[in-house]
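This report concerns only the one structure given below.
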Amino acid sequence: MKIKKASIRQSMIIASLIFGMLFGAGNLIFPVHLGQLAGSNWLIASSGFLVSGVLLPLMALLAISITRSNGIYDLALPNGRYYALIFLILVHATLGPLFATPRTATVPYEIGIAPYLSKSANTWGLLIYSAIFFSLVYIFSNYEGKITTLIGKVLNPLFLLLLFLIFLLAFIHPLGSGNTAAITASYARHAFSNGFLQGYNTMDGLAALAFGITIITAIKELGIKKTRQVSIETAKSGFLGIAGVAIIYLALIWLGATSLHQFKLAANGGITLAQISHHYLGTAGDAILATLATITCMTSAMGLVIAFSQDFHRRFPKISYRTFLRINCGLSFLFANLGLDQIIAWSTPILMFLYPLAITLIILGLLSPIFKHDRLVYQITTALTLIPAFFDMLNALPANLHDSQLLQTLLGFAQQYFPFFSLGFGWLTFGIAGLILGLICHVLKVRKRLGLLSE
């Protein structure tokens, strides 16, 4: 029987789907901000950023394919039903109404509207803008029709074309040399590790877990059924789609580094991107960028609210899909009005907690055929990763909480006993130790079973 393989055209369609699902609000602003923070160390920092922001999402897609999971819940299920449900809720709350979805409204607002209003006027401006934004997201998510085709096939490519134009002008007439840009203190010595941690903010590693089943299903609909072929096609299409994201990341990071010769270090990448756009394209460029950024972020928001509502309706069928959609859009509107800086500040501790758990889960999924999907390996690795991940979360809390006496005592303990804690990688040695210990237990269990059979 001949094994079905995807054509080049079909691979490109899946690659385009992966690119469209992952490229959103955070993909625009965090690379630019990273470039400003890293300065002349932008290349080293970008390598760390690409590992967590590009390689990890690809690994997540492969893990879902290899384990034949139907999403986050199934992938986490070896740790137990309660853990899988809690992990699902935390990931979707992070990608949904708490952080990622509100950010889809605040990023285009920060880029296109905020620079032209006073501080007091921006409060009302964001309120009105986000109300209209999430009303449209709710309507389009209910009645997609031709609007999604228009956005996906016409307006998103126009946005990428505008970005390409800015990149082209920047390469022809650079703002300055990236190699001579000032470096902030934290990136002078630990550019790679800080770049890696900045990659958490894109949330693409978590998003790939949430959207992964959609991509796997799309591949199977091409007639590719065998697990091995699905995995190969996921790797091939994933590489192509995520490579496109990686190229844009590198260009945005470089733009951020060179911008330091013209602009001061900004509070977030949205401000810097607006300044760069105005420098090259003037007021007309501002209007076009604001419009297209709104549209591309709206498509991201639609993907996020639909995935959230579908997954939660599947787990809690007594509550309708539309009810979850209303809850998500309503809460996203409320949290969006905290402003982009506040959303980033409060999302960081949650990401410092969730990402280590997601990374170990992805690695366990990839390695699971080796240890026959043994639950014990999952449970030992996850249990040991949970402890330092919790302390990493505490360490990333905003300053007003971080400086409390109790917290300083706890962090002092972690600083003393957790290797690499000061770099934000307190979980690393614990996770590796958990994996090794889990594998040893698995081998001993297999040997014991074989010994009993031989008797």
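If you check PHE371 against the conditions, is it at pLDDT below 95, in contact with a His (Cβ under 9 Å, 6 or more places away or on another chain) and of a type in the set (Phe, Trp, Tyr)? In short, yes.
Which is touching a residue at least 40 places away in the same chain (Cβ under 8 Å), of a type outside the set (Gly, Ala, Ser) and out of contact with any strand residue (DSSP E or B) (no Cβ under 8 Å at 6 or more places or on another chain), of LEU161, LEU197?
Details: LEU161 fails: touching a residue at least 40 places away in the same chain (Cβ under 8 Å).
Just a single option satisfies the conditions, and that option is LEU197.
Of the residues making up the range 60-75, those that are touching a residue at least 24 places away in the same chain (Cβ under 8 Å) and either among the basic types (Lys, Arg) or in a helix (DSSP H, G or I) (or both) are ALA60, LEU61, LEU62, ALA63, ILE64, SER65, ILE66, THR67, ARG68, ILE72, TYR73, LEU75.
Could we say that THR323 is without any contact (Cβ under 8 Å) to a residue 40 or more places away in the chain and over 27 Å from ALA251 (Cβ atoms) here? Quick ask: steps written out before the conclusion?
Values: without any contact (Cβ under 8 Å) to a residue 40 or more places away in the chain: yes; over 27 Å from ALA251 (Cβ atoms): yes.
Here the answer is yes, as THR323 does meet what is asked.
On the basis of being in contact (Cβ under 8 Å) with a residue 12 or more places away in the chain, crowded, with 16+ Cβ neighbours inside 10 Å, over 25 Å from the mean Cα position of the chain (by Cα) and in a helix (DSSP H, G or I), does ILE276 make the cut? Outline the logic, then answer.
Working: in contact (Cβ under 8 Å) with a residue 12 or more places away in the chain: yes; crowded, with 16+ Cβ neighbours inside 10 Å: yes; over 25 Å from the mean Cα position of the chain (by Cα): no; in a helix (DSSP H, G or I): yes.
Against the criterion (in contact (Cβ under 8 Å) with a residue 12 or more places away in the chain, crowded, with 16+ Cβ neighbours inside 10 Å, over 25 Å from the mean Cα position of the chain (by Cα) and in a helix (DSSP H, G or I)), ILE276 does not qualify.
Taken together, the residues in the range 309-327 that are modelled with pLDDT of 85 or more and crowded, with 17+ Cβ neighbours inside 10 Å amount to 6.
Annotation note: of PRO31, PRO57, PRO78, the sole residue that is touching a residue at least 60 places away in the same chain (Cβ under 8 Å), surrounded by fewer than 24 Cβ atoms within 10 Å (Cβ to Cβ) and part of a helix (DSSP H, G or I) is PRO78. Screening LEU43, LEU34, LEU17, LEU22 for residues that are in the same structural domain as GLY241 (by TED's automatic domain parsing), over 14 Å from the mean Cα position of the chain (by Cα) and at pLDDT below 85 leaves exactly one candidate, LEU17.
Taking residues in the range 332-351 that are within 19 Å of ALA114 (Cβ to Cβ) and in contact (Cβ under 8 Å) with a residue 60 or more places away in the chain, and partners anywhere that are among the hydrophobic types (A, V, I, L, M, F, W, C) and part of a helix (DSSP H, G or I), the pairs with Cβ atoms closer than 6 Å and at least 6 places apart or on different chains are SER332/PHE134; PHE333/PHE134; ALA336/ALA105; ASN337/LEU126; ASN337/LEU127. Out of the residues in the range 419-455 that are within 30 Å of ASP341 (Cβ to Cβ) and in contact with a Leu (Cβ under 9 Å, 6 or more places away or on another chain), state the one that is surrounded by the fewest Cβ atoms within 10 Å (Cβ to Cβ). That would be PHE420. The criterion of being at pLDDT 90 or above, over 18 Å from the mean Cα position of the chain (by Cα) and either in the same structural domain as HIS190 (by TED's automatic domain parsing) or farther than 23 Å from THR283 by Cα (or both) holds for LEU85.
The values are calculated or read from the model by the stated rules, or taken from the named source; none is laboratory data. All figures in this text were calculated on a predicted structure; none of them were measured in a lab. Glycine gets a Cβ as well: all are built from the backbone with ideal geometry, and neighbour counts include every protein chain shown.
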